[in-house]
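Peer 1: First, the structure itself, so that you have it in front of you.
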Amino acid sequence: MVIGLSLLTLVLLLWAIPQGTGPGFWQAQMGHLLAPARKDLSATQRQVLGDMVRLMPGILAAVMALLWALAAVMASRWRERFQGIVVPQRVFRDWVLPEWLIWLPVVTGLGFFLPHGSAWAVQNLAILVGGLYLLQGLSLVHLWFASRGWPLIALAAFYIGLILLSQFLLVVSVLGILDRVFHLRRRLAGPRS
């Protein structure tokens, strides 16, 4: 459901809301928002913002997917607690993306070779796919910490490190892709069983 909602959100943000105007719509919106601060920005900062604005639909769709997944995990845990189930039956470390979704990174990778006009949509799709595989990678990290028997404070430290060194979000996303391709989850779950 999260995948379907996030793909629908991306389609709405790419085509329905801008009404076919493409990245120009998002650049105009950001231009209106940053108009008061425009004189304080350097040329480099304006260039970076211009490049980032083109990716706003993908960023927004990926953030929405992460928030919906978090809400689903929390709702599941609360429901089980209210039903009096002491040990959760549906834990995040068991969460996996469908196998057919492994073709999306391949499609987005090949999409970068398309003509320049359609590359904008592919770049935004790549960001959304990266967000979905970030969830897969985080699920694998949860399984790894559980298989090692590490305390919850170690997982909290991991998340704090991930926030402070946000470049590792890409590493965790790649880990999620590697998990689906090489079935790393099975290797970790084996010793735990």
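Taken together, the values in this text are just the output of simple stated rules run on the coordinates, not laboratory data. Quick caveat: nothing in here was measured; it's all calculated off a predicted structure. Cβ sites come from the backbone with ideal geometry, for glycine too, and all protein chains shown count toward neighbours.
Peer 1: When mean projected area of the Cα convex hull in nm² is calculated directly from the model, which label among (i) 13.3; (ii) 13.9; (iii) 11.1 fits?
Peer 2: (ii)
Peer 1: Output the 0 to 90 degree angle, nearest 10, between the alpha-carbon long axis of helix 23-34 and the longest principal axis computed from the alpha carbons of the chain.
Peer 2: 90 degrees
Peer 1: Here is a follow-up. Relative to the longest principal Cα axis of the chain, at what angle does helix 2-11 sit, 0 to 90 degrees, rounded to 10?
Peer 2: Once rounded, one gets 0 degrees.
Peer 1: Could you tell me how far the Cα centroid of segment 1-58 sits from the Cα centroid of segment 143-174, in Å?
Peer 2: Answer, in whole Å: 30.
Peer 1: Describe numerically, in nm with one decimal, the distance between label points set 7 Å from Cα along Cα→Cβ at Glu80 and at Leu178.
Peer 2: Distance between the two pseudo-spin positions: 2.8 nm.
Peer 1: I'd like the FRET efficiency for Val87 and Leu5, computed as 1/(1 + (r/R0)^6) with the beta carbon distance as r and R0 of 22 Å, rounded to 0.05.
Peer 2: 0.15
Peer 1: For Ala16 and Leu165 in the same chain, what is the full-extension length gain: residue separation times 0.36 nm, less their Cα-Cα distance, in nm?
Peer 2: That pair, Ala16 and Leu165, stretches by 50.2 nm at full extension.
Peer 1: Distance in nm between label sites at Ala28 and Gln47, each 7 Å beyond Cα in the beta-carbon direction?
Peer 2: Output for this residue pair reads 2.6 nm.
Peer 1: Next question. Using all alpha carbons of segment 1-89, what is the percent of pairwise distances in each 10 Å bin, ordered from the shortest bin to the longest?
Peer 2: Bins of 10 Å from zero give 16, 31, 24, 16, 11, 3 percent of pairs.
Peer 1: Next question. Can you list the chymotrypsin sites (Phe, Trp or Tyr not before Pro) in segment 105-193 that are in a DSSP coil and have 11 or fewer other beta carbons within 10 angstrom?
Peer 2: Those that pass, being in a loop and sparsely packed, are Phe112, Phe113.
Peer 1: Under a Cβ-Cβ cut-off of 14 Å, what is the net charge of the residues other than Ala75 that fall near it, where Lys and Arg count +1 and Asp and Glu count -1?
Peer 2: Local charge sum for Ala75: +3.
Peer 1: Rounded to two decimals, what is Rg over Rh for segment 96-175 when you use alpha-carbon atoms and the Kirkwood radius?
Peer 2: Looking at segment 96-175, the ratio lands at 1.09.
Peer 1: Return one number: the angle in degrees, 0 to 90 and rounded to the nearest 10, between the long axis of the Cα atoms of helix 56-82 and the longest principal axis of the Cα atoms of the chain.
Peer 2: 30 degrees
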